[in-house]
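We did not get these values from a lab; they are worked out from the coordinates using the rules stated. All values reported here derive from a predicted model rather than from experimental measurement. Ideal geometry is used to build each Cβ from the backbone, glycine not excepted, and the neighbour counts take in all protein chains shown.
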Amino acid sequence: MAEPIHAFIDNEVKSNDVVLFMKGTPDFPMCGFSGQVVQILNHLGVPYKGINVLENDQLRDGIKTYTNWPTIPQLYVKGEFVGGCDIVREMFQQGELQSHMSGAGVPVKTSV
Amino acid sequence: MTTRKDRIARALTDAFTPIRLEVEDDSARHHGHAGAAPGGETHYTVRIVAEAFAGKTALARHRLVNEALAEEFGTGLHALAIEARAP
């Protein structure tokens, strides 16, 4: 990989089932779009790792080139990019996010 | 002087010849938030309906829109809410 930061990102998304690159932390999101995804993941009861891109400029830029996606947040499941805020919300509303997680072997709370 | 809203609308029209297209400048609502610039023109919503999106996943549709606006992302466009559909 051309950029060292990409190796870091690659390792994170491959060693954690669900990773959210976001602004702020799951407890204190610093951006409304990141906050929406946090709420959805919390609602699903999915274990995930939140990584704050505001802590590191290299990471903030590197995450955009890693998967060629210009905005943050970015959700990864089992090493694969799922989408940003709009896509995650759309998938959640249609029940697709739940099945995507289950299909990838990530436990989701089944009770609503 | 062209606004970013005009440039977004033109880029998307050129790329997809949409049947329906709405571009909203939401920058004022994000004033003072990290990423908002003093001159605005940072946060937008795009609603677009075009044949080009037929049979594509949400991820693929969003990627097409983002790619068409790469120049704007390179010059200060910070956040883009996207609703992209086939007719």
Average Cα contact separation per residue, chain A, under 8 Å, 6 or more apart, as relative contact order %:
31
Per the helix-only calculation at 222 nm, which mean residue ellipticity applies to chain A, given -39500 (n - 2.57) for every DSSP H run of n ≥ 4 and division by its residues, nearest 500 deg cm²/dmol?
-14000 deg cm²/dmol
Listed pairs A:LYS23/A:LYS78; A:LYS23/B:LYS56; A:LYS23/A:LYS109; A:LYS23/A:LYS49; A:LYS49/A:LYS78 exceeding 23 Å between Cα atoms:
A:LYS23/B:LYS56; A:LYS23/A:LYS109
Computed on Cα atoms only, the convex hull of the stretch A:4-103 has an orientation-averaged projected area in nm² of 5.7
Compute the convex hull volume of the Cα atoms of the protein assembly as shown, divide it by the residue count, and report the result per residue in Å³ as a whole number.
133
So how far, in whole Å, is the C-alpha centre of the stretch B:29-49 from the one of the stretch A:1-68?
21
When the Karplus curve 6.51 cos²θ - 1.76 cosθ + 1.60 is applied with θ = phi - 60°, which whole-Hz ³J(HN,Hα) does each residue of the stretch A:50-55 get, with x for Gly and Pro?
x, 10, 7, 6, 6, 7
On a 0 to 90° scale, report how tilted helix B:58-68 is relative to the longest principal axis of chain B, with both axes built from alpha carbons and the result rounded to the nearest 10.
60
Under 5 Å between amide H atoms, partner at least 5 residues away or on a different chain: which partners does A:GLY24 have, H built in plane at 1.01 Å?
A:MET30, A:VAL53, A:LEU54
Chain B: angle of helix B:4-16 to the longest principal axis, Cα-based, in degrees nearest 10
10
Percent of beta bridges antiparallel (DSSP, the protein assembly as shown, rounded to nearest 5)
55
For chain B, report the convex hull volume of the alpha-carbon atoms normalised per residue, in Å³, without decimals.
89
Ordered by fewest other Cβ atoms within 10 Å, a rough proxy for footprinting exposure, A:LEU44, B:LEU21, B:LEU69 read B:LEU21, A:LEU44, B:LEU69
Candidates per trypsin sites (Lys or Arg not before Pro) in the stretch A:18-112, loop by DSSP, up to 13 other Cβ within 10 Å:
A:LYS109
Quick note on B:ARG7, B:ARG29, B:ARG61, ordering by fewest other C-beta atoms within 10 Å, gives B:ARG29, B:ARG7, B:ARG61
